[in-house]
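Please read the structure below before turning to the comments.
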Amino acid sequence: MAAGKHYEIERKYLIRYPDIQKLLAQKGVEQWEITQIYLTSGEGETRRIRQIVSGGEIRYYKTFKRHLTSVKNEEDEGEIDQLEYIRLCREQAPGCKPLGKTRYRIPYAGHVLEFDIYPFWTDRAILEIELESENEGAAIPEYVQIIRDVSDDLAYKNRSLAENVIYEEI
């Protein structure tokens, strides 16, 4: 998680539900329990806060994101304390429920693969890969079954999932 103002370039894939034991067996894996809350936002901006539990530690973050292209956003991100997190919870966007997920972060072929497992799906998950440029490709391990690239599919944005979970046939 980068701090301060930066560009986030990432590809997002809808994948078949992965073998969690295989993910946990990967070298360098980190497991994060994430709760994110979307806040009221201005036009073209997304604001969220996160609570991340990992290794027995609880950390809090706020992120302000501005969409630039289907794979590129400008982000202003930083760690906050618990009191600021609680204060910002009062700005929760109407119609957006807190979104919980388990994230497995795995270093692979020069990138970090982020597998997001949501409690409402048993047949699919999301894989995010941050890149250096919009044209860069990323290697994907053979144990990952990609359904399709959803980088530009608004229905699979976390903000959208906080409003309305997708249950389409895959």
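So for the range 123-142 (the condition being open to solvent by 60 Å² or more (accessible area, probe 1.4 Å), assigned to a strand (DSSP E or B), in contact with a strand residue (DSSP E or B) (Cβ under 8 Å, 6 or more places away or on another chain) and at pLDDT below 95), does at least one residue qualify?
The answer is yes, given that some residue of the range 123-142 is open to solvent by 60 Å² or more (accessible area, probe 1.4 Å), assigned to a strand (DSSP E or B), in contact with a strand residue (DSSP E or B) (Cβ under 8 Å, 6 or more places away or on another chain) and at pLDDT below 95.
Here are GLU84, GLU79, GLU91: which of them is of a type in the set (D, E, K, R) and within 17 Å of the chain's Cα centre (by Cα)?
Numbers: GLU84 fails: within 17 Å of the chain's Cα centre (by Cα); GLU91 fails: within 17 Å of the chain's Cα centre (by Cα).
On inspection, the qualifying residue turns out to be GLU79.
Answer yes or no: is there a residue in the range 95-111 that is farther than 27 Å from LEU24 by Cα, without any contact (Cβ under 8 Å) to a residue 60 or more places away in the chain and open to solvent by less than 20 Å² (accessible area, probe 1.4 Å). Step through it out loud before you land on a result.
Going residue by residue through the range 95-111, those that are farther than 27 Å from LEU24 by Cα are 95-97.
Now drop any that are not without any contact (Cβ under 8 Å) to a residue 60 or more places away in the chain, which leaves none.
Looking through the range 95-111, none of the residues is farther than 27 Å from LEU24 by Cα, without any contact (Cβ under 8 Å) to a residue 60 or more places away in the chain and open to solvent by less than 20 Å² (accessible area, probe 1.4 Å).
For residues in the range 77-93 being in contact (Cβ under 8 Å) with a residue 12 or more places away in the chain, open to solvent by 50 Å² or more (accessible area, probe 1.4 Å) and part of a loop (DSSP other than H, G, I, E, B), which is farthest from LYS157 (Cα to Cα)?
My answer is ASP81.
Count, please, the residues in the range 1-27 that happen to be loosely packed, with under 13 Cβ neighbours inside 10 Å, at pLDDT 85 or above and either at positive phi or hydrophobic (A, V, I, L, M, F, W, C) (or both).
Number of matching residues: 2.
Say we look at the range 17-57 and pick out the residues that are in a strand (DSSP E or B) and aliphatic (A, V, I, L, M); which of these is nearest to the chain's Cα centre (by Cα)?
My answer is ILE34.
Output the residue which, of all residues in the range 158-170 that are free of Cβ contacts under 8 Å to residues at least 60 places away in the same chain and part of a loop (DSSP other than H, G, I, E, B), is surrounded by the fewest Cβ atoms within 10 Å (Cβ to Cβ).
Of all residues in the range 158-170, those free of Cβ contacts under 8 Å to residues at least 60 places away in the same chain come to 160, 164-169.
Now narrow it down to the ones that are part of a loop (DSSP other than H, G, I, E, B): 164-169.
Details: ASN164: 11, VAL165: 14, ILE166: 15, TYR167: 10, GLU168: 7, GLU169: 4.
Per the criteria, the residue is GLU169.
Would you confirm whether or not the range 152-170 contains a residue that is farther than 27 Å from ARG47 by Cα and modelled with pLDDT of 95 or more?
Scanning the range 152-170 turns up no residue that is farther than 27 Å from ARG47 by Cα and modelled with pLDDT of 95 or more.
State which residue is modelled with the lowest pLDDT when the search covers only the range 67-76 and only residues that are farther than 17 Å from ALA3 by Cβ and outside any loop (DSSP other than H, G, I, E, B). Quick ask: steps written out before the conclusion?
Filtering the range 67-76 for residues farther than 17 Å from ALA3 by Cβ gives 67-72.
So of that shortlist, the ones also outside any loop (DSSP other than H, G, I, E, B) come out as 67, 72.
Numbers: HIS67: 86, LYS72: 90.
Restricting to residues being farther than 17 Å from ALA3 by Cβ and outside any loop (DSSP other than H, G, I, E, B), the top hit is HIS67.
So which residues in the range 52-66 are open to solvent by 50 Å² or more (accessible area, probe 1.4 Å) and of a type outside the set (Val, Ile, Thr)?
Those that are open to solvent by 50 Å² or more (accessible area, probe 1.4 Å) and of a type outside the set (Val, Ile, Thr): GLY55, GLY56, GLU57, ARG59, LYS62, PHE64, ARG66.
The values are calculated or read from the model by the stated rules, or taken from the named source; none is laboratory data. None of the values given here were measured: they were computed from a predicted structure. Here the Cβ is made from the backbone with ideal geometry for all residues, glycine too, and neighbour counts use every protein chain on show. The area values use the complete protein model at the heavy-atom level, side chains included, leaving out ligands, DNA and RNA. Shrake-Rupley method; radii C 1.70, N 1.55, O 1.52, S 1.80 Å.
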